[in-house]
Amino acid sequence: MRLLLFSVLFLALLGCRPDSPPDLEPDPPYVLDLPAGFPAPPIPEDNALTVSRLELGKHLFYDPILSRDSSLSCMSCHLPEAGFADHHPVSVGIEGRLGFRNSPTLTNVAYHPWFFKEGGSPSLEFQVLGPLENHVEMDIDAAVLNERLATLSHYHPLAQKAYGRDLDIYVLTRALASFQRTLISGDAPYDAYRRGETRALSAAQVRGMDLFFSDRTSCSACHGGFDFSTHGMENNGTERDYGADLGRFRITLDSADIGKFKVPTLRNIALTWPYMHDGHLPDLAAVIDHYNQGGQGHVNQSPLVRPLGLSEAEQADLVAFLESLTDQQFIENPAFRP
Ligand code: HEC
Ligand code: HEC
C-alpha cells in the first residue's frame, strides 16, 4: 500500500499521473516548471502548491465579485498583456478612485522576500487583503467579503478539494497566493541568447547587455541575478522631494529610508509602462535618461546612481536590451488565463 502511494506521488511529482484509477491523490501536487538558472521559490509549508489550489486561485484572480461593486478583479490592474501590471501612472480603483502608486508587475513575485513597494507585507497570502480592503482599490470590508464568499456556492467543491473547506477568506488568500506563485517568467530572447542562441539578440541588444552588466552603468548591482533584481530597498533618485510617498520610511520611520523602494524586476519591463513607484516616467527612454543624468540628487540617493555620460547611441542600446527581456510565451500562456 505504502509502495503504491509512493509511486503515485512520484508520478504526480513528475507531472504525469496514471490514467487508470485508483487515483489515491485527490489533489495532486503542482510542480513548477522552472527556467534554467532559477532556484525553487520559497513556498510556505501550510500552502504547498497543488493543482486545485492553482485552479481556484486563477479563477478568483479574474473574478470581479471580489470588489465591493463587482467592477474590478485583480486582473483589472494586473493585466497579462501588460506583464501583469497596467498602463496607468497610478492605479484606478472602483468608481475611478485614484491610488498613489503604479501597479507593479506580478512577474516572478514568488521570489520576493516582502511585498508592496516599501516591503510592508510579509507574505503573498497576507498581501491579498491589501487591495481588497483598500478604499481606492476594491474597497470591500473583510467581514462583508467573507459573507459574500460563503454565498458563492459554485466555488465550494473546488475549495473543498483544495483546502478541505468552503470558500472563505482563509481559502481566498491562500488560493490567490498559490496562483501568483506560478507566474514565473524566464524565457525571453535574452535567456535564449544565454543558452547559446546567439541570433536571439540584435547587435544593439548585445551592446546594451554589455553596458547593463558593466561598472560603467552599475545597473546590475541592483537589477542583477536571474530576476534582474536584488529585491532590496534602494533610493534610485527618482525625486528630489519624495512628497507624500516616502517609501520604506513609512515602515521604519528612519530618515535614511526616505525614498527607498523595492528594486523591481526588469523582466517583461517593456510591457509595464509607465515606470517608477508613481509612474511618472512614460517610457524606457525616459528611464535611461533619468539614470544617465545621475538622478535628482536626493540625500539618500545611492552612490551607484550618478551621471553616466552615455552617448545617445548607448542609451538606445540599453533600451533595446531591456526590450529583449519580454517573455512572449509567459504573456500568452493559456495556463495563466481563466
Ligand atoms: C486598483 C488596482 C489594483 C487592484 C484591483 C489590485 N491591485 Fe495589486 N497592486 C496594485 C498597486 C498600485 C500595487 C502597489 C501597491 C504598493 O506597493 O503599495 C499592487 C501591489 C500588488 C502586489 C505586490 C507586488 C510587489 O511587487 O510587492 C501583489 C502581489 C498584488 N498587487 C496582487 C493583487 C491581487 C491578488 C489582487 C486581487 C485581490 C490585486 N493585486 C488587485 C494595484 C491593484
Ligand atoms: C541603486 C540601485 C539601482 C541602480 C544602480 C539602478 N536601479 Fe533601476 N531601479 C531601482 C529602484 C529602487 C527602482 C524603483 C524606484 C521606484 O519605484 O520609484 C528602479 C526602477 C527601474 C526601472 C523601472 C521599473 C518599473 O517597474 O517601474 C527600470 C526600467 C530600471 N530601474 C532600469 C535600470 C537601469 C537600466 C539601470 C542602469 C542604468 C538601473 N536601473 C540602475 C534601483 C536601481
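The values are calculated or read from the model by the stated rules, or taken from the named source; none is laboratory data. Bear in mind the structure is a predicted one, so any value in this text is a computation, not a measurement. Positions of Cβ are generated from backbone atoms using ideal geometry, with glycine treated the same way; all protein chains shown enter the neighbour counts. Accessible surface areas use protein heavy atoms only, side chains included; no ligands, DNA or RNA. Shrake-Rupley method; radii C 1.70, N 1.55, O 1.52, S 1.80 Å.
Taking the criterion of being surrounded by 19 or more Cβ atoms within 10 Å (Cβ to Cβ) and more than 7 Å from ligand 2 (Cβ to nearest atom), the only residue of the range 282-291 that qualifies is 290. Summed over the range 117-164, the residues that are touching a helix residue (DSSP H, G or I) at 6+ places or on another chain (Cβ under 8 Å) and away from ligand 1 (no atom under 13 Å from the Cβ) give a count of 10.
Pairing residues of the range 111-124 that are within 22 Å of residue 90 (Cα to Cα) and open to solvent by 60 Å² or more (accessible area, probe 1.4 Å) with residues that are near ligand 1 (Cβ under 7 Å from one of its atoms) and at pLDDT 95 or above, at Cβ distances under 8 Å and at least 6 apart in sequence or on separate chains, gives 114/262; 116/262.
For the range 91-100, a residue qualifies if it is outside any helix (DSSP H, G or I) and open to solvent by 30 Å² or more (accessible area, probe 1.4 Å), and the qualifying residues are 92, 97, 98, 100. Which numbered condition in (1) touching a helix residue (DSSP H, G or I) at 6+ places or on another chain (Cβ under 9 Å); (2) surrounded by 19 or more Cβ atoms within 10 Å (Cβ to Cβ); (3) closer than 24 Å to residue 193 by Cα is the only one that residue 264 fails? Evaluating residue 264 over (1) touching a helix residue (DSSP H, G or I) at 6+ places or on another chain (Cβ under 9 Å); (2) surrounded by 19 or more Cβ atoms within 10 Å (Cβ to Cβ); (3) closer than 24 Å to residue 193 by Cα leaves (1) as the failure. Evaluated against (1) closer than 30 Å to residue 34 by Cβ; (2) more than 10 Å from ligand 2 (Cβ to nearest atom); (3) of a type in the set (Ser, Thr, Tyr), residue 272 falls short on exactly one condition, (2). Considered as a group, the residues in the range 63-82 that are in a loop (DSSP other than H, G, I, E, B) and away from ligand 2 (no atom under 16 Å from the Cβ) include one that is most open to solvent (accessible area, probe 1.4 Å), and that residue is 68. With respect to the conditions (1) within 16 Å of ligand 1 (Cβ to nearest atom); (2) free of Cβ contacts under 8 Å to residues at least 12 places away in the same chain; (3) of a type in the set (Gly, Ala, Ser), residue 244 lacks only one, and its number is (2). One residue stands out among those in the range 83-105 that are at pLDDT below 95 and out of contact with any Asp or Glu (no Cβ under 9 Å at 6 or more places or on another chain): the one that is nearest to ligand 2 (Cβ to nearest atom), which is 98. When every residue of the range 233-241 is checked against the conditions, none turns out to be polar (S, T, N, Q), surrounded by fewer than 19 Cβ atoms within 10 Å (Cβ to Cβ) and under 26 Å from residue 306 (Cα atoms).
When the criteria are applied in full, residue 227 fails the requirement of being more than 8 Å from ligand 2 (Cβ to nearest atom), more than 29 Å from residue 81 (Cβ to Cβ) and either under 23 Å from the mean Cα position of the chain (by Cα) or at pLDDT 95 or above (or both). When you check residue 221 against the structure, is it within 13 Å of ligand 2 (Cβ to nearest atom) and in the same structural domain as residue 324 (by TED's automatic domain parsing), yes or no? When the stated conditions are applied, residue 221 passes them.
Tell me whether the range 174-191 contains one or more residues that are without any contact (Cβ under 8 Å) to a residue 60 or more places away in the chain and surrounded by fewer than 19 Cβ atoms within 10 Å (Cβ to Cβ).
Checking the range 174-191: not a single residue is without any contact (Cβ under 8 Å) to a residue 60 or more places away in the chain and surrounded by fewer than 19 Cβ atoms within 10 Å (Cβ to Cβ).
Taken as a whole, the condition of being assigned by TED's automatic domain parsing to the domain that holds residue 309, hydrophobic (A, V, I, L, M, F, W, C), within 16 Å of ligand 1 (Cβ to nearest atom) and open to solvent by 60 Å² or more (accessible area, probe 1.4 Å) does not apply to residue 203.
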